[in-house]
Amino acid sequence: MIMYYDPDYQETKRIMLGEESMKAEFRPLADWVDETFGVKTINIVYDTIEEGTRPRLELCFEFEKEKDDFLNREYLNYDGLKQKDIALKFQQTIEAQGLTEQYPTENIWIIFGGFEPIARMEANSIIPQEDIEALKTALDNKDLWEISRAFSGVTFFLYTDQQLKEYENSAARKLWTDKYFDILEPYNQFGYFKREDFNIYLDSKENFDKNYAGNWYYYYK
C-alpha cells in the first residue's frame, strides 16, 4: 500500500470497516505471523511484479510501528531472515491447501505495509478544496497567503519570514489549528487524527519563492 487510491489499500480499508474479510487461503499465514512476531495482520495481498515474472506478498498491519518490527535497523531495509521465514511459511501453507498453481511462491518478495499512515493521508486529501477556500475566507487574515495540503499534513503560509516568526507561537496559530481540525474531522473515519495531538505547519511565501522557485513540485519533493 502506497497511496489511498491503490486497490490493495481500498481492499484493506473494506476489511477494516468489516465489509470484507481477508482471503481464507491467507489466514493460516496471518495467524502464524501474528503468533510468531506479536503483531496483528489485517490483510495479505498477493500480486506479481517485474512484468508478472516474480510473485510478491504484502503483509498489511494497522500501525506503522508493526511494520517497523520487520526492519533491519542497521541497514534501514527489511529484515532478510524474517522475509525468508515468512516466504517459507507461505509456501508451506499454500502447498497444504493445494493452491501452488494459483499462487506461485518461487523467488517471492515479502513486503510490509501500514494502514494508519495512508488512512490519515486519505482523510486529509479528500477534504473538498472549496472547504479549504472557505476556511481561508472565514479566517480573514491579511497575513495569510495560502493553505496547502500534502500527504497527512497542512501548511499555512504567511507572506514574509518576519510574519512567520511572529505567528510561530501565536494565538492565531492555535485558532487556525482548531479550525482546520474542524473541517478535517468529518473525514477522520478511523479516528487516527486526535485534536490534542494535531498541529499545522507554518511557512512563508518568501521562503517558497526564494528557495523553491515558487514551485509546488520542488517544495514537496
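The values are calculated or read from the model by the stated rules, or taken from the named source; none is laboratory data. Computed from a predicted model, the values in this text were never measured in an experiment. Every residue, glycine among them, receives a Cβ derived from its backbone with ideal geometry; neighbour counts consider all protein chains shown.
Here are the numbers for the structure shown:
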{"item": "Any hit, region 189-202, residues being over 27 Å from the mean Cα position of the chain (by Cα) and basic (K, R)", "result": "no"}
{"item": "Hits in region 156-171 (condition: assigned to a loop (DSSP other than H, G, I, E, B) and under 20 Å from L135 (Cα atoms))", "result": "Y159, E168, S170"}
{"item": "Residues being surrounded by 13 or more Cβ atoms within 10 Å (Cβ to Cβ) and either in contact with a His (Cβ under 7 Å, 6 or more places away or on another chain) or farther than 27 Å from A119 by Cβ (or both) - total across region 199-221", "result": "6"}
{"item": "Residue within region 172-195 that is among the polar types (S, T, N, Q), outside any helix (DSSP H, G or I), at pLDDT 95 or above and over 29 Å from K13 (Cβ atoms) present", "result": "no"}
{"item": "Single residue of E196, E122, E133, E168 found to be surrounded by fewer than 16 Cβ atoms within 10 Å (Cβ to Cβ) and either within 24 Å of Y4 (Cα to Cα) or touching a helix residue (DSSP H, G or I) at 6+ places or on another chain (Cβ under 6 Å) (or both)", "result": "E133"}
{"item": "Residue satisfying condition, being touching a Pro at 6+ places or on another chain (Cβ under 9 Å) and surrounded by fewer than 20 Cβ atoms within 10 Å (Cβ to Cβ), within set E50, E64", "result": "E64"}
{"item": "Strands (runs of 3 or more DSSP E) lying entirely in region 28-144 (those with 1 or more residues that are of a type in the set (D, E) and either assigned by TED's automatic domain parsing to the domain that holds G18 or in contact (Cβ under 8 Å) with a residue 24 or more places away in the chain (or both))", "result": "41-49, 54-61"}
{"item": "Top-ranked residue in region 66-86 [being of a type in the set (A, V, I, L, M, F, W, C) and farther than 21 Å from K40 by Cβ; ranked as farthest from the chain's Cα centre (by Cα)]", "result": "L81"}
{"item": "Residue satisfying all of: in region 1-27; assigned by TED's automatic domain parsing to the domain that holds E64 and of a type in the set (V, I, T); nearest to N124 (Cα to Cα) among these", "result": "T12"}
